Amino acid sequence: MSVLLMLCVPLLALATPGRGTRRWEPCTDLRPLDILAEALPPNGAAGGIRVTQANGVRGLQLSAAAPHAMSFPASRIFFQCDLFPEEFSIVITLKVPNLPPKVSDAFYSCPANIPIPPPGWKPPKVRPPGARCCFPMGPRTVHFIASGPEWIRRARAFAAADVSPTAPAMAASTLSVCSSDLSYGSRVCLPGASDSCPDSSWQVDDCPESCCGRLPRELLRAPVLRPGPLPDPPVRTLLPLPGRLLHPCMLQARVLHPCLLQARLLHPCVLQPPSNVFRMADVPFPATLSVRGARFFIGSRKRTKGLFTGLVRQLVLLPGSDATARLCPCRSPELAVLSIPPVLQGPPGKPEDNEVLKYPYETDLKVTLGSRPPCTKMEDAQFWFDASRKGLFLCVGSQWVSVLAAKEKLDYVEEHQSLFTDSETLGIEVFAIPEAGLFVAAANRKATSAIYKWTDGKFASYQNIPTHQAQSWRHFTIGKKVFLAVANFEPNEKGQEFSVIYKWSQRKLRFTPYQRVPTHSARDWEAFEMAGEHFLAVANHREGDNHNIDSVIYKWNPRTRLFEANQTIATSGAYDWEFFTVGPYSFLAVANAFNGTSTKVHSHLYVWLLGSFQLFQAFLTFGAADWEVFHIGERVFLAVANSHSYDVEMEARNDSYVINSVIYELNVTAQTFVRFQEITTCSALDWEFFSVGEDYFLVVANSFDGNTFLVNSIIYRWQGYEGFVAVHSLPTFGCRDWETFRTAAGSYLVYSSAKEPRSRVLKLRTG
């Protein structure tokens, strides 16, 4: 069964005037005639016509339209006389659907039993009187067929062009038919005809005059042209179909019917014909083709069978001239426009006076389900639905942008996994490696620390690494290199104190030792980048019994591919570094915990100026163990975890562990951080900021209340003017560190215990 993709015009029951001698006269305006706009009914919705967007370009979907919905009498445009122009161009922009083999569609109505002419096509038998101009379309070819009672006996004019159905965008094709005047010879560009003739391309401006030869008419019946190969770009467009080929110096013959072309749609105005390109006709295109009583049919052949199933954006008849100069070259072929209907010229209109859209608007888009897909040029303007987050995202550039998301709310927290470790865990680090997966590194108190990989919804043991009372891990990248640095608190068996930077091996799929760095009871690493340069800061806690020592900032040397000492900063029992930026400024905060006699010491904030970190602000802290910076809207906050109020001259008290930790907010006018909120904590060792939906949270690691390590850690929710308010109380045992992470299945928290060889993974249940 034949399926016709059509933009069709039957020129039926035509009284053809005598072959004459009469000169052609313009029967219509010589401006571009928008056939598509003429055929559009006033109310497209009633006629089943829809505006659909594909690859960012709008077109009309006609497949639901009635057979006669898209038609109009030829007299509407041929108003001065009844003759079809002898010389014309037709410009078509359409999106071709995938057609099965042996299925054809057509532009302009033609009898259903007319086959698509193959390369070895021969004129058919005489058919009933009537003239037709048709564009049948097969799975990979477009043809132009013109027939009339005076000349069908000897020839049927047609042109064929390869149009791959997998072309991702709309393709624009132009067909130009020229007069039959043979008063001059035809001119053909023959690549390789002289030294200046290019062999490898057939582009508009690549054919010099010296390559063009004037050939007698009889030699044009079967010229053999052998151009070299051309690239095959993804967008296929602007194929000039004969009559006159729309390339200077290629072919300027006036008699071209039937003229066979089997070329591929390439970049604008580029043609790559095979060896048997042209066949010349004995009969020219008729100069007296009558259109009296004819109708234009767009998208059908006057019956429901074989409706046009693709999208059409442009169908323009340009009488008496060549459309090439108006269309090419064009960098965006799918946007090349000679004339398109107003409904396709801008964004779809909005209903007025509670009326429905005259042309319902749709878009030809794909929605991907499941885990987060890549967002590349191929996925541009496509949607992804994240079931776990109940959100719809649009691929823009290289980022997924949320366009519709359910207001996710944190309902409750439940235990997801007990992660058993070789010993107590002092710190954890969650990180992802491209093409490898999600990991967590546990800093264990004993001689071996472990790395776990997220597998089937839980963390499973992946790699063991020798450490020396590891305190924390820090993951970072430099270019494509992936590193993991461990802070060792104790010396090795030989009494050597150092921490180690490991590098991910793509071959072994494991971390291997990369660089040893001398440290002193290291508590923490902080990795950061400024102006394209990479840094590592280590928090040296003490050297022997001396807590007032220097911590060091290392800088990556691209030449040696090692970290080298760049700056030292005096610290007092340093416990943590935190790097952040505010506008163009870079800051580095250190948590000082103990100066040898008291935990009541100043922790400092430094700003990067003139090639080094300079003191910006001092904060009075009490055994500061952690800094956490976070943003809420345009506001910048800095939270410190105070762990213990102690002084050697004071009598020890159990309540010295239950003290206030402080949240500071940046006052931009005063250019300083000011106290925003105090929260009572129990020997707090860590803060972790996270968000769920539109809500913001802080969770604190409460480790000891002076009597027991079995204390609750608290989740606080941001409530604007009220600040952070406690909403969830989580039983923990010697809680040391919190980390948050997200997978396709949802959001999680994981905490480490410094008092038992078990960490816990908690899942955030949302409603």
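The values are calculated or read from the model by the stated rules, or taken from the named source; none is laboratory data. Note that the structure is a prediction, hence the values are computed from the model and not measured. Methodologically, a virtual Cβ is constructed for each residue, glycine included, from the backbone with ideal geometry; neighbour enumeration extends over all protein chains shown.
Residue by residue, here is whether (1) closer than 30 Å to Gly370 by Cα; (2) assigned to a strand (DSSP E or B) holds:
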| position | (1), (2) |
| --- | --- |
| Gly706 | no, no |
| Asn712 | no, yes |
| Val727 | no, yes |
| Leu730 | no, yes |
| Thr740 | yes, yes |
| Ser759 | yes, yes |
State which residue is modelled with the highest pLDDT when the search covers only segment 357-414 and only residues that are part of a loop (DSSP other than H, G, I, E, B), more than 30 Å from Arg760 (Cα to Cα) and more than 20 Å from the chain's Cα centre (by Cα). Pro360
For the structure I just gave you, tell me whether Phe622 is within 38 Å of the chain's Cα centre (by Cα) and not charged (D, E, K, R). no
Just to be sure before I move on: is Pro329 modelled with pLDDT of 55 or more and either within 20 Å of Gly299 (Cβ to Cβ) or buried (at least 18 other Cβ atoms within 10 Å of the Cβ) (or both) in the structure I sent? no
If a residue has to be touching a Ser or Thr at 6+ places or on another chain (Cβ under 6 Å) and part of a strand (DSSP E or B) to count, how many in segment 472-497 make the cut? 3
Restricted to segment 445-463, and to residues that are in contact (Cβ under 8 Å) with a residue 40 or more places away in the chain and outside any loop (DSSP other than H, G, I, E, B), which residue is farthest from Lys555 (Cα to Cα)? Lys458
Please verify whether segment 675-686 includes one or more residues that are surrounded by fewer than 21 Cβ atoms within 10 Å (Cβ to Cβ), assigned to a strand (DSSP E or B) and within 37 Å of the chain's Cα centre (by Cα). no
Could you list, in sequence order, all residues of segment 520-534 that are without any contact (Cβ under 8 Å) to a residue 40 or more places away in the chain and more than 20 Å from Gly495 (Cα to Cα)? Glu529, Ala531, Gly532, Glu533
Would segment 689-697 turn up any residue that is within 45 Å of the chain's Cα centre (by Cα), loosely packed, with under 15 Cβ neighbours inside 10 Å and assigned to a loop (DSSP other than H, G, I, E, B)? yes
Kindly evaluate Phe420 against the criterion of being under 27 Å from Thr560 (Cβ atoms) and surrounded by fewer than 21 Cβ atoms within 10 Å (Cβ to Cβ). no
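One line per residue, one yes/no per condition, for (1) part of a loop (DSSP other than H, G, I, E, B); (2) surrounded by fewer than 22 Cβ atoms within 10 Å (Cβ to Cβ):
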residue	(1), (2)
Phe535	no, no
Val538	no, no
Thr560	yes, yes
Glu564	no, yes
Val607	no, yes
Kindly provide the set of residues from segment 466-496 that are hydrophobic (A, V, I, L, M, F, W, C), under 29 Å from Ser371 (Cβ atoms) and surrounded by fewer than 23 Cβ atoms within 10 Å (Cβ to Cβ), ordered by number. Phe476, Ile478, Val482, Phe483
Please count how many residues of segment 642-700 are farther than 27 Å from Asp411 by Cα, charged (D, E, K, R) and in contact with a Gly (Cβ under 9 Å, 6 or more places away or on another chain). 2
